[in-house]
1. Quick check: anything in the stretch 196-218 surrounded by 19 or more Cβ atoms within 10 Å (Cβ to Cβ), of a type in the set (D, E, K, R), in contact with a Leu (Cβ under 8 Å, 6 or more places away or on another chain) and closer than 22 Å to residue 232 by Cα?
2. Can you go through 33, 9, 50 and tell me which one is surrounded by 22 or more Cβ atoms within 10 Å (Cβ to Cβ) and modelled with pLDDT under 95?
3. Could you figure out which of (1) more than 22 Å from residue 28 (Cβ to Cβ); (2) touching a Lys or Arg at 6+ places or on another chain (Cβ under 6 Å); (3) of a type in the set (D, E, K, R) isn't true of residue 63?
4. Please go through (1) part of a loop (DSSP other than H, G, I, E, B); (2) buried (at least 18 other Cβ atoms within 10 Å of the Cβ) for residue 78 and return the number of the only condition it doesn't satisfy.
5. Please determine whether any residue of the stretch 96-109 is at pLDDT 95 or above, closer than 28 Å to residue 168 by Cβ, crowded, with 21+ Cβ neighbours inside 10 Å and touching a Leu at 6+ places or on another chain (Cβ under 6 Å).
6. If I ask for residues that are crowded, with 17+ Cβ neighbours inside 10 Å and small (Gly, Ala, Ser), which ones from the stretch 129-161 would you list?
7. Of 126, 36, 101, 89, which residue is in contact with an Asp or Glu (Cβ under 9 Å, 6 or more places away or on another chain), touching a residue at least 60 places away in the same chain (Cβ under 8 Å) and of a type in the set (D, E, K, R)?
Amino acid sequence: MIDNYGRKINYLRVSVTDLCNLRCAYCMPAEGIRKKDHCDILNFEEIENIVRAAVLLGIDKVRITGGEPLVRNGIVQLVESIARIKGLKDLSITTNGIFLKKYARDLKRAGLHRVNISLDSLDKTKYKKITHCGELDDVLEGIIIAEEAGFSPVKINVVLMGGYNDDEIEDFVSLTLKRDIEVRFIELMPLGEAKNWPLGSFISNDTVLSKVPKLVPLPFMGHGTVARMYKLPNARGRIGLISPLSCHFCNYCNRVRVTSDGKLKPCLHSDQEIDLKNVHPDELKRLLYQGIRAKPTKHRLNTQPCSMVKRNMNEIGG
């Protein structure tokens, strides 16, 4: 499926819940959120129908997101059902890792290909501070079990925040020396709870390169690549730099998103939405096509205030 700007759109991110067992400061209010009524959330049949329609349009890569997708009852069964859809080549999930020690092996058997784990600090005190309630040891154990289950590489997403975890860059990079881990540093975006944070919180990914000058750039991976890839000499794993602010990748963007309440978002940084909930399966393909064709040429984070995006990240999906 080609959008109006010649980009091949082959990647769908589907949020299965806006709920989360953590309260990461840049993602949602510390007091949590009001739980949506069950009838307002996509059921599993609706999710499967949306994915099937998307695959018919050329989507061959799907990521399940939240909130925290592993808090959704029946998540393993949903993964198994989606994994069976003919034409789907890649199925992944983004998780905070707390429940991976419980679910990693079952998810692998169900047909999941990859896991991305959100982890913003390797310091127990700082981790609890940013998440308000999380235990770092649970995540670290989950990473080990995911590796043992056969997920390769395990990807760790680190939101880079000035004055919070920029002093841990070297520690995160070191994780890649002997393990098949891909650490991806992501620039903090002025979106949702973070939009009013101090300016110093938003630092460029060039900070990673200045702190770890030994990193060697890897060849560009081509269409849909949003990360600039690097590695330490002789390291087993890799480092990715995802820079939506300092070096936006809109020209290579190949994705659209569906929120847990069934809204198709052609662009993460826009309030433009198309409602897919309670839509007859025969209409889904047309609406998905309409959304892909409506995808803007680029975001306006650098030129317009992000207050125009009303939803927090937990409501959109990572």
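The values are calculated or read from the model by the stated rules, or taken from the named source; none is laboratory data. Since this is a predicted model, take the numbers as computed values, not measurements. Cβ placement follows ideal geometry from the backbone for every residue including glycine, while neighbour counts extend to all protein chains displayed.
1. No, that holds for no residue.
2. Numbers: 33 fails: surrounded by 22 or more Cβ atoms within 10 Å (Cβ to Cβ); 50 fails: modelled with pLDDT under 95.
Checking each option against the conditions leaves just 9.
3. (1)
4. Unmet for residue 78, out of (1) part of a loop (DSSP other than H, G, I, E, B); (2) buried (at least 18 other Cβ atoms within 10 Å of the Cβ): (1).
5. Yes; the residues of the stretch 96-109 include at least one that is at pLDDT 95 or above, closer than 28 Å to residue 168 by Cβ, crowded, with 21+ Cβ neighbours inside 10 Å and touching a Leu at 6+ places or on another chain (Cβ under 6 Å).
6. 134, 142, 146, 149 - these are the residues of the stretch 129-161 that are crowded, with 17+ Cβ neighbours inside 10 Å and small (Gly, Ala, Ser).
7. Working: 126 fails: touching a residue at least 60 places away in the same chain (Cβ under 8 Å); 101 fails: touching a residue at least 60 places away in the same chain (Cβ under 8 Å); 89 fails: touching a residue at least 60 places away in the same chain (Cβ under 8 Å).
Just one listed residue meets the conditions, 36.
To keep it simple, each residue is scored yes or no on (1) surrounded by fewer than 20 Cβ atoms within 10 Å (Cβ to Cβ); (2) under 30 Å from residue 178 (Cβ atoms); (3) of a type in the set (Ser, Thr, Tyr).
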position	(1), (2), (3)
233	yes, yes, no
238	no, yes, no
264	no, no, no
279	yes, no, no
296	yes, no, no
